[in-house]
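Enquirer: Before we start, here is the structure in question, set down as structure tokens.
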Amino acid sequence: MLTSTLSTERGKSRPSVSILINNYNYERFLRQCIESCLSQTQSPLEVIVVDDGSVDASPQIIRECSAISPLIVPILQANGGQASAINAGMSQCHGDVIVLLDADDYLHPWAVERVQSAWRPDCVMVQSRLDIVDREGHYIDQYPAPEVSFDSGNVVPLLLKTGQYCTTVTTGLSFSRALLEKILPIPEEEFRICADGYLVTVAPFYGLVVALENSVGCRRKHESNLWASPAWSVAQRRRALEHDFCATAI
């Protein structure tokens, strides 16, 4: 049964949370990713799973999982890139807060609860450090590294001065749905990859950023990671960096 938009626990109003998974050909990790969303200490309102034209067994896995849990909302679309997948998923989210999740990663059981507890009326984004794990889930490190200062609050001055601030990647990001209604859709051609770059660049201009020092999930490092792949050329890296300039211009 879906929960109400705002639930109350011990007199404290908690925002409802939707989890949005974007997937492309990650059949070997997808089931664990989905199961991590269904094993939360605070149940999400819904789990939107967008398959972006996978040619592996991902669509079948999504159908099987959605048949088991009414929380799962499947979206199967032709390949359009990460921005297209996130745009499609966002259109179906009803939670006050949207937790993003890459399909090769997974959440800790306390992820939704910690995001809810950290949420403030004046913030538009909660970001968290992530545990880096290998293909089998063995711990490697943390991202950003513990010794790196994790930016929070009003990061606009820093963003305008340096063009960046210390943030994280997709699985460590949660956004206000009210914010997303203002800044979506993500430009799909420009952000076929690294769509989170658009969101983390634009969001701070609408409110405050809250940073969680403790991890809410695991970022998996494996041979098919785009950034880890040997095929990830210098030219492609340069194109990804150009996303920051594109988002700022928008």
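Nothing in this text is a laboratory measurement; each read-out follows from the coordinates by a stated rule. Keep in mind that this is a model prediction, so the values were computed, not measured. Cβ sites come from the backbone with ideal geometry, for glycine too, and all protein chains shown count toward neighbours.
Enquirer: Whole angstrom only: what separates the Cα centroid of region 82-98 from the Cα centroid of region 110-185?
Expert: 17
Enquirer: Here is a further query. Roughly speaking, what is the stretch gain from residue 149 to residue 32, that is 0.36 nm per residue apart minus the C-alpha to C-alpha distance, in nm to one decimal?
Expert: 39.1 nm
Enquirer: What is the extension gain from residue 60 to residue 138, computed as 0.36 nm multiplied by their sequence separation minus the C-alpha to C-alpha distance, in nm to one decimal?
Expert: 25.4 nm
Enquirer: Provide the FRET efficiency to the nearest 0.05 for the residue 122-residue 92 pair, computing r from the beta carbons and using R0 = 30 Å.
Expert: 0.65
Enquirer: Oh, and also: Between residue 205 and residue 161, 0.36 nm times their residue separation minus their Cα-Cα distance comes to what?
Expert: Between residue 205 and residue 161, full extension yields 14.5 nm more.
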